[in-house]
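Please treat every number below as a calculation from the coordinates, not as lab data. Bear in mind that the values here come from a model prediction, so they are computed numbers and not experimental data. Cβ atoms come from the backbone with ideal geometry, glycine included; neighbour counts cover every protein chain shown.
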Amino acid sequence: MRIDLDDLGLDRGGHLLVAHALRTLPPGESLEVSGRDPNLALHVQTWCRARGHGCTVVDEGAPRGTVAIVPGPGTDARVRAATRAGAISPVGLVERPPAEWGLAARGALVEAGGPAPRFALDQRDQVWADLVPQLYAQATAAQWDPATAVPWDTPIEHSDEVEDAVVQVMTYLVENEQVALVVPARFLGNVHPYFREVVQLLAVQVADEARHVEVFTRRARLTGGELGLSTVGGRASLATLFDEPDFSVSALLLSVLGEGTFLDLLSFLVTYGPDAVTRSVARLALGDEARHVAFGQAHLEHRLAAEPELLGTLRSAIQRRHDALRDTSGLNELVFDALVVLAAGAWSPEAIARGHERVIGLQRDMAEGRMRRLTRLGFPTEEAKALAALHTRNFM
Ligand SMILES: [Fe+2]
Ligand SMILES: [Fe+2]
């Protein structure tokens with residue numbers, strides 16, 4: 001069998017024609033390659049050596065050279081030394097992918113050698129949950145556009161005092177959302193990309209929080225006033241989340257307990273928000289937060305199944321955070337009062353009493369929700385109740 005490359009050199013794509021011809025070469029035969037490129041013989045020899053093919057120069061002569069290729073026994077040397085970076089599908093993931101797979105696609109044939117970047121979160125059970133691919137699909141399907149999803153033009157008809165209450169709550173929400181954004185963002189770059197769906201889910205989660213920061217800020221500024229107060233106690237509580245270095249402990253403190261508690265807070269604002277914009281931004285964030293909580297919960301359930309002794313670590317983390325925040329004031333008083341005003345809906349003693357009761361009811365619902373989630377993780381009921389009560393008064 002023979003092919004003629006004419007003027008085409010191997011350095012300009014001629015190797016594709018050679019490889020193409022070799023694939024259809026009957027067993028036991030050799031391939032003669034000829035052409036007018038002055039480097040043809042040299043380049044074909046080098047190319048064959050790298051791939052384990054035999055190569056003899058038949059005619060070095062100018063203006064036309066000819067080389068004979070005898071195909072080697074197997075695939076090329078690079079492919080022989082390569083390993084498959086697992087399966088493409090997320091089913092049956094390896095426990096700890098090698099560092100060399102980190103910059104390759106999962107399922108790719110990875111040439112031996114090359115960079116071995118270190119990803120601190122490179123063990124399946126450190127980050128995984130079987131629900132992750134499904135949560136990622138839900139997350140991408142549920143993305144909304146802040147510009148069009150919120151009825152921004154609806155007039156604000158309530159009093160300045162009620163508006164101040166809304167602005168104070170929004171100010172508080174924004175600082176919480178900022179921490180909910182930066183914490184997963186920092187973990188994201190440390191997850192081995194082999195656990196692709198985790199990286200993708202965290203990326204969408206970060207984008208969710210970016211939208212929450214945006215819509216709460218925009219709601220706060222809707223009537224043109226200044227933002228409200230950010231307290232030391234609130235930020236001290238957030239700092240403990242910001243400083244937590246362990247992914248699973250962070251999943252507990254930030255996602256299961258913090259964002260879990262926020263589900264009740266956002267539902268409260270959906271019910272008692274005094275205007276359509278407030279209710280809308282709370283409802284949109286609520287849908288996203290439910291997914292963030294579900295990931296934290298699913299991850300911890302997965303990890304605890306493999307490592308039941310982690311429960312002790314989680315218990316100490318809750319206690320440690322409680323101790324660290326013991327001397328702080330917890331929830332911003334202005335936020336508490338603002339919630340009472342919103343839930344009261346009027347300025348009579350009866351209405352304020354009702355609003356106050358509703359906020360106490362909210363805190364009770366929050367504690368019960370935390371207790372339920374802790375019980376699902378495997379804490380006995382009484383202990384779950386006690387641990388739920390140790391959660392920061394700042395809600396997040
Ligand atoms: Fe959020
Ligand atoms: Fe969140």
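List of remarks:
- Column: log10 I(q)/I(0), Debye, Cα scatterers of region 268-396, q = 0.21 Å⁻¹: -1.28
- For region 189-324, the fraction of C-alpha pairs more than 26 angstrom apart is 32%.
- Projecting the Cα positions of Leu188, Leu135, Gly114 onto the charge dipole of region 66-211 (unit charges on Cβ atoms of Lys, Arg, Asp and Glu, taken about the Cα centre) puts Gly114 furthest along the positive direction.
- Taking only Cα atoms of the chain, radius of gyration then Dmax in Å: 30.9, 106
- Histogram of C-alpha separations across region 151-253, 10 Å bin width, %: 14, 37, 28, 16, 5, 0
- Based on C-alpha pairs under 8 angstrom that are at least 6 apart in sequence, the chain has a relative contact order of 14 percent.
- Charge dipole of the chain about the Cα centre (unit charges at C-beta), most positive-ward option of Leu8, Pro63, Leu31: Leu31
- Cα-based convex hull, region 37-156, per residue volume (Å³, whole number): 232
- Förster radius 30 Å - calculated FRET efficiency between Ala99 and Arg376 (Cβ-Cβ, nearest 0.05): 0.30
- Gained length - Ala149 relative to Glu333, 0.36 nm times residue gap less alpha-carbon distance: 63.1 nm
- The simple Förster model, with R0 at 25 Å and r as the Cβ-Cβ distance, assigns Glu383 and Arg186 a FRET efficiency of 0.25.
- Building the convex hull from the alpha-carbon atoms of region 83-145 and averaging its projection over directions returns 5.5 nm².
- When +1 charges are put on Lys and Arg Cβ atoms and -1 charges on Asp and Glu Cβ atoms, the dipole computed for region 3-87 relative to its Cα centre reaches about 540 debye.
- Restricting region 291-367 to trypsin sites (Lys or Arg not before Pro) in coil, as DSSP defines it, with at most 11 other Cβ within 10 Å: Arg326
- 22 Å tail of the calculated P(r), region 1-82, as % of Cα pairs: 17
- Relative to the longest principal axis of the Cα atoms of the chain, the long axis of helix 333-344 makes an angle of roughly 70 degrees.
- The GNM of the chain, with springs linking C-alpha atoms under 10 angstrom apart, assigns the highest mean-square fluctuation among Ile360, Ile352, Ile69 to Ile69.
- Within region 279-370: Cβ-based charge dipole about Cα centre, in debye rounded to nearest 20 (Lys, Arg +1; Asp, Glu -1): 120
- Alpha-carbon spread of region 251-332, three principal axes, descending order, Å: 47, 34, 12
- Gap separating the Cα centres of region 99-117 and region 192-269, nearest whole Å: 33
- Nearest-20 debye value, the chain charge dipole, Cβ charges on Lys, Arg, Asp, Glu: 1060
- For region 80-147, trypsin sites (Lys or Arg not before Pro) are listed when DSSP marks them as loop and at most 16 other Cβ atoms sit within 10 Å of their Cβ; the list is Arg118.
- Ranked list, fewest to most other Cβ atoms within 10 Å of each Cβ, for Phe262, Phe242, Phe247: Phe242, Phe247, Phe262
- Gain upon complete extension [Arg364, Arg84; 0.36 nm per residue less C-alpha separation]: 95.6 nm
- Once exposed loop GluC sites (Glu not before Pro) are cut out (DSSP; at most 16 other Cβ, 10 Å), longest piece of the chain: 310-396
- Along its principal axes, region 315-391 has C-alpha extents of 44, 27, 13 angstrom, given from the largest down.
- Its residue count N sets the reference 2.2 N^0.38 Å, and the alpha-carbon radius of gyration of region 348-391 equals 1.49 times that reference.
- Across q = 0.21 Å⁻¹, region 195-275 modelled as identical point scatterers on its alpha-carbon atoms has Debye log10 I(q)/I(0) values of -1.33, in the order of the q list.
- Summed residue charge, Cβ within 13 Å of Gln319's Cβ, Lys/Arg positive, Asp/Glu negative: +2
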